[in-house]
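**Q** What follows is a single structure, and I will ask about it in a moment.
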Amino acid sequence: MRILYFFLLISAVAFGQDQSADSVVFPDDFFGRYTGKLTIDNGSNVQEIDMTFELSATDQEDVYNYVLGYQGQPARQYLLKTVNAEKGLYQVDEQNDIILDARLSGWTLTSIFEVQGNLITTREEFFTDGRMIFEITMVQTAAPVLTGGTSDDIPEVKSYPIRVVQKAFLTRRD
């Protein structure tokens, strides 16, 4: 139960601090091509590769190009679709029948999805000075670590050891 209270407290604090500048418009004010290095850490090996991220307008209202590029691979041509900008609701359309829900809080776009037994969190944090942080965290859902559950006041908690963290600090080039 303490964990639930802690989560609610943190949520309340974070929500109270989630203020944005009225003059900044997402995603328009973050359009551009961002470049940098992506660090991939699987717990036993760390590698670094070149990465690009591009966000730009399309000819459709509330639909944007959302393009990921990784060293040595073809660019991944996704679309970012506005569902309800006022509520911060978006979708990343992979253009292959896969659509991921996303939520904008402040200038951070977050998605959580499960594929082939892996729970993946993606996070893109945009800054008005032309920087962004791109991060992916992956856990396996098959073997959670179970703790708690010893009484009505202490619920069972499933913890998922993190298998892979990918993180890039990117800078807008144009």
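Bear in mind that the values in this text are calculations on the coordinates, not laboratory data. This one's a predicted model, so the numbers in the text were calculated from it and none came from an experiment. Here the Cβ is made from the backbone with ideal geometry for all residues, glycine too, and neighbour counts use every protein chain on show.
**Q** Rounded to the nearest 0.05, what FRET efficiency do Phe169 and Val83 have when you use their Cβ-Cβ distance and R0 = 35 Å?
**A** The pair Phe169/Val83 has a calculated efficiency of 0.80.
**Q** With a cut-off of 16 Å, note down the residues of the stretch 145-174 whose backbone N falls inside the zone around a label point 7 Å from the Cα of Asp129 toward its beta carbon.
**A** Once the point is set 7 Å along Cα→Cβ of Asp129, 169-173 turn out to lie under 16 Å by backbone N, inside the stretch 145-174.
**Q** So, one more: Mind giving me the FRET efficiency for Arg76 and Leu146? R0 is 22 Å, r the Cβ-Cβ distance, nearest 0.05 is fine.
**A** That gives a FRET efficiency of 0.05.
**Q** Using only Cα atoms, what Kirkwood radius does the stretch 24-104 have, in angstroms?
**A** Answer for the stretch 24-104: a Kirkwood hydrodynamic radius of 14.0 Å.
**Q** Once both labels are modelled 7 Å past Cα along the beta-carbon direction, what's the Ile49-Ile154 spacing in nm?
**A** 4.4 nm
**Q** Something else now. Looking at the chain, which longest stretch skips every one of the GluC sites (Glu not before Pro) that is in a DSSP loop with at most 16 other Cβ atoms within 10 Å, leaving the sites themselves out?
**A** 95-174
**Q** May I pose another question? Suppose only helical runs count, i.e. DSSP H with n ≥ 4. What mean residue ellipticity at 222 nm does that imply for the chain under -39500 (n - 2.57) per run, divided by all residues and rounded to the nearest 500 deg cm²/dmol?
**A** Counting only the DSSP helices, I get -3000 deg cm²/dmol.
**Q** Per residue Cα convex hull volume for the chain, in cubic angstrom?
**A** 153 Å³
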